[in-house]
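Notes for the one structure printed next.
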Amino acid sequence: MNPSSSSFASAENDLYQEVVLEHKRAPRNYGPLPHPTHQAEGTNPSCGDRVAVQLQLAGERVEDIRFTGQGCAICMASTSMMTEAVKGRDIAAAQALQQHFRAVLTGEEEPDEAPLGKLVSLAGVRRYPSRIKCALLGWHALMHAIAEHQDGEQRT
């Protein structure tokens, strides 16, 4: 085994654990949003994760986002990091980020090729297929809330 690749893997694993534990311990944007314009929930029955995402959309922009729920460390960390990544961004940018994040976790895209920012620290989840749903649960709820917005736009 190449000692430098071993130390890289160890550093990557350390970063992953540090980021996940920090976001689990102190999730960002946690708690109900006072006046959400859109919301959706996600549940992972296989491990009991349950997340509700609330949005304040202003036109095509995610003005504010918060979440509530209970889940494993990966679910809570991923949802926490998601709120930081999409808050203040356009809906299209949030959707593109979700697609890249999902592609990295499912092995369709390499982590170093995806524009994920801090979210790349969760790329290690791809080594644990049973945990991918945990990492994507908050993102699924976000996409449902955005779809609700876009369905409403089409009806008007």
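The values are calculated or read from the model by the stated rules, or taken from the named source; none is laboratory data. The model shown is predicted, which means the values in this text are computed figures rather than measured ones. Positions of Cβ are generated from backbone atoms using ideal geometry, with glycine treated the same way; all protein chains shown enter the neighbour counts. Remember, those area values only see protein heavy atoms, side chains included, never the ligands or the DNA or RNA. Shrake-Rupley method; radii C 1.70, N 1.55, O 1.52, S 1.80 Å.
Things to note:
- Solvent-accessible surface of the chain, averaged per residue with a 1.4 angstrom probe and all protein chains in place: 53 square angstrom.
- Against the chain, whose longest principal axis is taken from its Cα atoms, helix 3-25 shows a tilt of about 30°.
- Relative contact order of the chain, taken over Cα pairs closer than 8 Å and 6 or more residues apart, is 26 percent.
- All C-alpha pair distances within the chain, sorted into 5 Å bins from zero, spread as 2, 10, 19, 22, 20, 14, 7, 4, 2, 1, 0, 0, 0 percent across the bins.
- 0 to 90° range, to nearest 10: angle between helix 91-105 axis and the chain longest Cα axis: 30 degrees
- Helix 132-155 vs. the chain, principal-axis angle (Cα, 0 to 90°, nearest 10): 20 degrees
- Take residue 106: with every protein chain present and a 1.4 Å probe, its accessible area is about 60 Å².
- Legend: calculated FRET efficiency, residue 110 to residue 130, from the Cβ-Cβ distance at R0 = 25 Å, rounded to 0.05, equals 0.70.
- Expressed as a whole percent, the accessible surface of the chain that belongs to carbon and sulfur atoms is 51, based on a 1.4 Å probe.
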